[in-house]
Each structure stands twice: as structure tokens, then as C-alpha cells.
Amino acid sequence: MPVPVFLALAFGCVGAVLMGIGLSRRRVSRNWLCAQGRIIASEWGLSTPSRYPRFEWRDAEGNLHMHESSMSSWRHYRKGDAVPVRYDPAFPKRAVIDTPVQRGASFFWLGVLLCGIAGLFLLVELLLN
């Protein structure tokens, strides 16, 4: 198998998986409600901000909920920071800090980029033969 075809398959498969994850996360959270929350714990070690911040928010009925992000965050949240929250009204424990990564948009667009790179590898293979 020629190297460009192998690379196209590799990039294409990874891109397709990432696009699927992104679309899945977007579909799941599309009808969730938005709320204003705040970071309640961000310490990871003694002085390093947490990669998995804990946050709280109030639902539409005024009930207070707390949750730890299931995805790491590149942003360094500090305790007390205000954050937008998106949560499932049927099961409020399913909540995310409302960012492109948490909503799945970053996964989707990274997948599109990798599929585009796969297409370029295939184009190079076609032009060389």
C-alpha cells in the first residue's frame, strides 16, 4: 500500500471518529438549558489550576447543583469565576461548562480538518500515478 494512501486512511479514520464524537455531543446537548454558574473548586495540587474544574449552578426551579467537568480544560479557571453552563433538565447531573470543546464543536472541526488532510493525501497519490 502506498504511503499516501495509508496516511489518507489513518487521517480519514481518526477524522471520522472525531466528527462523530462532535456530532454526538452536539446532538445530545442541543436541547439542554443554559444557566449561569461559577467555579467552586479549581485546585489541582497546591498551586496549579485544575484541569477538571468543579462548578455549580441553579436550574430553572432554583435548585443548586454541583458537578465536576468530565473533560479536561485548557483554560485555567479560578475559584469564583463565572461560567456559562449547559445542563440536561431531565437529569441535571449531566452538565457541561458551555465551551466549544464541551459542546463538541472542537471535535467536529478537528475531524473535518483531518478528513481534509486525508483528501490531500489521496489527491497527491492520484497526481503521482
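The values are calculated or read from the model by the stated rules, or taken from the named source; none is laboratory data. Every value quoted in this text rests on a predicted model; they were computed, and no experiment measured them. Cβ placement follows ideal geometry from the backbone for every residue including glycine, while neighbour counts extend to all protein chains displayed. Accessible surface areas use protein heavy atoms only, side chains included; no ligands, DNA or RNA. Shrake-Rupley method; radii C 1.70, N 1.55, O 1.52, S 1.80 Å.
Values computed for the structure shown
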item: With every protein chain in place, the chain: carbon and sulfur % of accessible area (1.4 Å); result: 65
item: Square roots of 5 times each gyration tensor eigenvalue, C-alpha, the stretch 86-129, largest first, Å; result: 39, 8, 4
item: For the chain, the spread of Cα positions along each principal axis, largest first, Å; result: 65, 37, 17
item: Angle between the chain longest axis and helix 105-128 axis [Cα atoms, degrees, rounded to 10]; result: 10
item: Globularity ratio of the stretch 53-113, using Cα Rg and 2.2 N^0.38 Å; result: 1.21
item: 0 to 90° range, to nearest 10: angle between helix 3-29 axis and the chain longest Cα axis; result: 30
item: Point-to-point label distance, L123-Q36, nm (Cα→Cβ direction, 7 Å offset); result: 4.7
item: Mean Cα-pair separation over length for the chain, i.e. relative contact order, pairs under 8 Å, 6 or more apart, %; result: 37
item: Packing rank of 116-129, 17-30, where each peptide gets the mean count of other beta carbons within 10 Å, highest leading; result: 17-30, 116-129
item: Full-extension gain in nm, R78 to M66, via 0.36 nm per residue minus C-alpha separation; result: 2.7 nm
